[in-house]
There are 2 protein chains.
Amino acid sequence: MPSTLSVIEPSALAACCSPVTEGIVGDEAATTLARMFKALGDPTRVKLLSMIAAASDNGACACDMTEPVGLSQPTVSHHLKLLVDAGLVTREQRGKWAYYRVAPDVLGSLAAALRPATG
Amino acid sequence: MPSTLSVIEPSALAACCSPVTEGIVGDEAATTLARMFKALGDPTRVKLLSMIAAASDNGACACDMTEPVGLSQPTVSHHLKLLVDAGLVTREQRGKWAYYRVAPDVLGSLAAALRPATG
């Protein structure tokens, strides 16, 4: 069963960026935003995202993320997969370990969608 | 059974605002952020929030929100309660109807938490 069914396509990302503060968002944008927010609806995934976002350009190694969140490697890998599937982070395999980076523009787009309307 | 158990206290809100991009977030902040993101992890609630955020200072009447999302009044009220409980919006009863506003500073704080680190 391919897991790519749940992966957000780049084209959907483009639809996500209209601010929620400027009127009712459309079906596609609401679905994309909700999927990203849902992936962040868990304290462990918020922590993992914060570690990935704070990592150097080399990315954050999965091997470094188990101890800070106090969970097993398989559990951390599961959470990381949900972040990847939601389009929030990207994954790169290098030898034995996977490295994670925040997907380009995603946090900025999410932040922009939440920015309060001015004037 | 009081529903206030799930309500986010203002003191917890203050803990939520450190950017996730500046290092691993603490337990309390991760829990608060995750609860807010979880409340937005549904397309209907994203739409409702967008309508509330775009409403005038008078707030958005529950009576005006059923038709745009195409759901029954009880279902919309349930979704609105989840937004209130997460601390994202406030509710004010005026006569027969409830009016909703975005909670002060909340969207800005959430946006700030997601803003990519610069430099």
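The table below lists the values:
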{"quantity": "For the range B:90-96, Karplus couplings with θ = phi - 60° (6.51, -1.76, 1.60), whole Hz, Gly/Pro x", "calculated": "10, 10, 10, 7, 10, x, 6"}
{"quantity": "Normalised contact order of the range B:10-114, rounded percent, pairs of Cα under 8 Å and 6 or more residues apart", "calculated": "33"}
{"quantity": "Peptide A:46-59, shielding by other chains (average Cβ, 10 Å cutoff)", "calculated": "5"}
{"quantity": "Under Karplus coefficients 6.51, -1.76 and 1.60, residue-wise ³J(HN,Hα) of the range A:78-88 in Hz, glycine/proline x", "calculated": "4, 4, 5, 4, 5, 5, 5, 4, 7, x, 7"}
{"quantity": "Amide H partners (placed H, <5 Å) of A:Val89, local residues excluded", "calculated": "A:Val84, A:Ala103"}
{"quantity": "Segment B:Gln93-B:Asp27, length gained on full extension (0.36 nm per residue, minus Cα span)", "calculated": "20.3 nm"}
{"quantity": "Charge tally in the Cβ shell below 15 Å around A:Glu92, where Lys, Arg are +1 and Asp, Glu are -1, A:Glu92 excluded", "calculated": "+3"}
{"quantity": "J(HN,Hα) series, the range B:40-54, from Karplus relation 6.51 cos²θ - 1.76 cosθ + 1.60, nearest Hz, glycine and proline x", "calculated": "9, x, 8, x, 4, 6, 4, 5, 4, 4, 5, 5, 5, 5, 8"}
{"quantity": "Residues whose placed amide H lies under 5 Å from that of B:Cys61, excluding near-sequence neighbours", "calculated": "B:Tyr100"}
{"quantity": "Check: the range B:10-114 dipole with +1 on Lys, Arg Cβ and -1 on Asp, Glu Cβ, in debye", "calculated": "340"}
{"quantity": "Burial order of peptide ranges A:85-93, A:25-33, B:32-40, A:54-62 (average beta-carbon count within 10 Å, highest first)", "calculated": "B:32-40, A:25-33, A:85-93, A:54-62"}
{"quantity": "Average partner coverage of B:98-111, which counts Cβ from other chains inside 10 Å", "calculated": "3"}
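Values in this text are rule-based calculations from the coordinates and carry no lab data. Fair warning: this is a prediction, and the values are worked out from it, not measured in the lab. Positions of Cβ are backbone-derived with ideal geometry, glycine not excepted, and every protein chain shown enters the neighbour counts.
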